[in-house]
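The values are calculated or read from the model by the stated rules, or taken from the named source; none is laboratory data. Everything quoted here is computed from the prediction, not taken from an experiment. In this analysis, Cβ positions are derived from the backbone assuming ideal geometry, glycine residues included, and neighbour counts consider all displayed protein chains. These area figures cover heavy atoms from the full protein model, side chains too; ligands, DNA and RNA do not enter into them. Shrake-Rupley method; radii C 1.70, N 1.55, O 1.52, S 1.80 Å.
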Amino acid sequence: MIVATAGHIDHGKTLLVGKLTGMDTDRLPEEKARGISIDLGFAHAQLEGALVSFVDVPGHERFIRSMLAGVCAIDAALLVVAADDGVMPQTLEHVAILELLGVAHGVAAITKADRVAPERVQAVAHEVRALLSSTRLAAFPVVPVSSVTGQGLDELRRTLAALAPHGSRHKAEGQAFRLAIDRAFTIAGTGTVVTGTVFNGTVAVGDKLVVSPRGEPVRVRGIQVHGRAVDRAEAAQRCALSLAGAGTDSVARGDWLVDCALHAPTRRLDARVHVLAAEAQPLAHWTPVHVHLATMNVLGRVAIANGEAIAPGQSALVQLVLESPIGALRGDRFVLRDMSARRTVGGGAVIDPFAAPRRRSSPARLAQLAALERDTPEEVLRGLLDTSTGGVDVQRFARTLNLTPERAARALESVQAVVLGKEPAIALSGAFVERLQATTLEALRAFHGAHPQASAMEAAQLHRAVAPVLSAEAFQAMLRELAARRALVLANDTARLAGHDETSNPADEALWTRVRAELSRAAAVAPSIAELAAALGAKEATLRDFLHRKAKGGDVVKVGTDRFYSRAALDALAATAREVARATPNGLFTAAQFRDAIGTGRGIAIQVLECLDRLGVTQRVGDNRRIKA
């Protein structure tokens, strides 16, 4: 369990942590000289059997940036209020920050109880309870203590230990590794070392990671948890990692150390923002702010739909437009401070870390954001499938929610999603896929009705007509499934209904009756297309297209460059070739012998024989031919 201190400067946070752990968290010479904390301090102890890691934060308003870095991933808070001062300005701001970050567990310690009368201690305790009563911190027990006399310390230890069963807000199982870096330094013989809190997942010695958003690849050489070398570290632990491949100039506080799959820097975050009730003015559209997320602080602006404003004490959907890229995932909490960094304005949670710049207030987008605010991956996925006509990009879904491939697969299976394509893989609801397939077949049916002489419909045209927002890869995968079921036929980037014959229509049937009769009369000397068109009184281009379509169905066969024979005529010519072959001693015959047998000129005889060669009826042997076995 990770516990951070909170409270006004000089209220005894560091001394109290020292009494609980036996460790001094003030490590800098300046802190020793001035007697105040100016940066984060760390300690740990076994309290009533529970291992507790403490993050001691500075209480001065000038060091609020360090305080925010220290409380970004805690499980509980130790709010410290001095009995002599009572609630002070930084007490109020720290409480507001804890609430904005979603901290719900902790304890309030009334320090310096030995310096004032018991009545004063009770008055301050009442003041603290009143402050917390309207916040999510309302259930905090209040424990008076003295770091000088030891009063209340045992009770405080028991109270802190009792928080451990509530568990961590961060998960190891089913999530990829993320660590928010709060310190980076070099140790002789070890190299670059970073420390921080593990937000999600696990890390092991030898793992390859990325420093994000910088994009620097690194390898984990060693891991320490509370000063002890270990092979692995996991979510809700503070650890130190020694890294190969990174210098202190390429990693710093504010960076993430993440699994390679999570490296996706972003500058636009769709989020829900709550404005503190103590604010004097509404938060206006395009207000410049400091955005504190994890250990990073970046400048940005708050974009509110329709240029509206958010009143004090109210919440709304916004888009944070950042000046620099950061690493963020759905559910990450953040705090907003004013441009001068003197005042906490509000905060909230990331909904979509990979937001697009437009369509934030469209009904479809609002439905997607509502789905992303649901609790479990299954609920989120079900909502996205119900609202996304273009399907759900599986990789983006898994990255947004930080799901391992195995955990994402379980979610997909749970909601019975159908996954189409591979790069990208698109998930669709089973009901949507059934409707899409039915619509696709109906669109092909309509196309064949409107264009009876067209052999097939272009797949790209079908895609635009049926599902323009679905990726081409996913649509092609759906067509392949229909083809596997023999509902349609795919060929050369076209699609047609199974069993469709482009010549099966009244006009073509009438033309075929006339063409067939003419070809039958011609026998072995089929007319050229021009001659056939003249005989039938048809347009040559129309007749050429018709004969080519008939050839696809096998009703006619193209011989030479400009002649088509009926199947019956070609069967008769093949039979003649067999008779000629049988009449020769060795089964070999010449083109001249075949010409004489069919009664045509040499040119047409050669064209017919070459066609029979292609069909596998005859085989050329030098200047002769024979019938193939």
**Message:** In whole Hz and in residue order, list the ³J(HN,Hα) couplings for the stretch 220-230 that follow from phi through the Karplus curve 6.51 cos²θ - 1.76 cosθ + 1.60, θ = phi - 60°; x for Gly and Pro.
**Reply:** 7, 8, x, 9, 10, 10, 6, x, 10, 5, 9
**Fill in**
Computed about the Cα centre, the charge dipole of the chain from +1 Lys/Arg and -1 Asp/Glu charges at the Cβ has a magnitude in debye, to the nearest 20, of 1860
**Item:** Table column - 3J(HN,Hα) (Hz), the stretch 271-283, Karplus curve with 6.51, -1.76, 1.60, x for Gly and Pro
**Value:** 8, 10, 10, 10, 8, 4, 5, 6, 5, 7, 10, x, 7
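Based on the Cα gyration tensor of the stretch 239-331, what are the three equivalent ellipsoid semi-axes, each the root of five times an eigenvalue, rounded to whole Å and given largest first? Show your work: numbers first, answer last.
Details: eigenvalues 199, 35, 27 Å².
Over the Cα atoms of the stretch 239-331, the ellipsoid semi-axes are 32, 13, 12 Å.
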**Rounded tilt (10° steps) of 153-162 against the dominant C-alpha axis of the chain** = 20
**Fill in**
Non-local residues with an amide H under 5 Å from the amide H of Glu279, with H modelled 1.01 Å from N and Pro and chain starts lacking one, are Gly313
**Message:** Show me the trypsin sites (Lys or Arg not before Pro) within the stretch 380-422 that DSSP assigns to loop and that have at most 12 other Cβ atoms within 10 Å of their Cβ.
**Reply:** Lys422
**Request:** Post the alpha-carbon centroid distance, the stretch 320-342 to the stretch 8-24, in whole angstrom.
**Result:** 30
**Fill in**
Given the candidates Thr21, Gly383, Leu322, the one whose Cα lies deepest towards the positive end of the charge dipole of the chain, counting +1 at each Lys or Arg C-beta and -1 at each Asp or Glu C-beta, is Gly383
**Request:** Would you mind checking the tilt of helix 89-100 against the longest principal axis of the Cα atoms of the chain, expressed as 0 to 90 degrees and rounded to 10?
**Result:** 30
**Prompt:** How many percent of Cα pairs in the stretch 519-629 exceed 24 Å?
**Reply:** 25
**Fill in**
For the chain, longest principal axis from Cα atoms; helix 430-450 axis from its Cα atoms; angle between them, nearest 10 degrees, is 30
**Prompt:** For the stretch 120-237, what is the largest minus smallest coordinate of the Cα atoms on each principal axis, given in angstrom and ordered from greatest to least?
**Reply:** 55, 32, 26
**Message:** Over the Cα atoms, compute the radius of gyration (one decimal) and Dmax (the largest Cα-Cα distance, rounded to a whole number) for the chain, in Å.
**Reply:** 39.0, 133
**Fill in**
Computed over the stretch 191-242, the distribution of all Cα-Cα distances in 5 Å bins, rounded to whole %, is 5, 20, 33, 31, 9, 2
**Message:** Can you give me the orientation-averaged projected area of the convex hull built on the Cα atoms of the stretch 94-172, in nm²?
**Reply:** 6.0
**Request:** Please work out the C-alpha center-to-center distance from the stretch 299-313 to the stretch 153-216 and express it in whole Å.
**Result:** 33
**Request:** Positive end of the charge dipole of the stretch 531-629 (Lys, Arg +1 and Asp, Glu -1 on Cβ, about the Cα centre): tell me which of Ala605, Gly537, Ala568 has its Cα farthest that way.
**Result:** Ala568
**Asked** Can you list residues whose amide H is under 5 Å from His44's amide H, if they're 5+ apart or on another chain and H is modeled 1.01 Å from N?
**Response** Phe54
**Fill in**
Of all DSSP beta bridges having both residues in the chain, the percent classed as antiparallel (nearest 5) is 85
**Radius of gyration and maximum dimension Dmax of the stretch 148-215, Cα, Å** = 17.7, 51
**Integer Hz, Karplus 6.51/-1.76/1.60 couplings in order for the stretch 370-386, x for Gly and Pro** = 4, 5, 5, 8, 5, 6, 9, x, 5, 5, 4, 5, 4, x, 5, 5, 6
**Complete:** Computed on Cα atoms, Rg of the stretch 79-139 relative to 2.2 N^0.38 Å comes out at 1.09
**Item:** Rg/Rg_ref, the stretch 458-576, where Rg_ref = 2.2 N^0.38 Å and atoms are Cα
**Value:** 1.37
**Message:** Whole angstrom only: what separates the Cα centroid of the stretch 566-591 from the Cα centroid of the stretch 52-129?
**Reply:** 104
**Prompt:** Counting pairs of alpha carbon atoms under 8 Å apart in space and at least six apart in sequence, what relative contact order in percent does the chain give?
**Reply:** 7
**Asked** When you count, for each residue, the other Cβ atoms within 10 Å and take the mean per peptide, how do 345-356, 517-528 rank with the highest first?
**Response** 345-356, 517-528
**Asked** What accessible area per residue comes out for the chain, rounded to a whole number of Å², with a 1.4 Å probe?
**Response** 45
**Request:** Would you kindly work out the equivalent ellipsoid of the stretch 395-466 from its C-alpha gyration tensor and give its semi-axes, the square roots of five times the eigenvalues, largest first in whole Å?
**Result:** 34, 13, 7
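Measure up Lys422/Lys552; Lys19/Lys208; Lys13/Lys171; Lys550/Lys628 against 31 Å on the Cα-Cα distance and list the ones that go over. Before the final figure, lay out the partial values.
On the way: Lys422/Lys552 34 Å; Lys19/Lys208 39 Å; Lys13/Lys171 28 Å; Lys550/Lys628 27 Å.
Exceeds cut-off: Lys422/Lys552; Lys19/Lys208.
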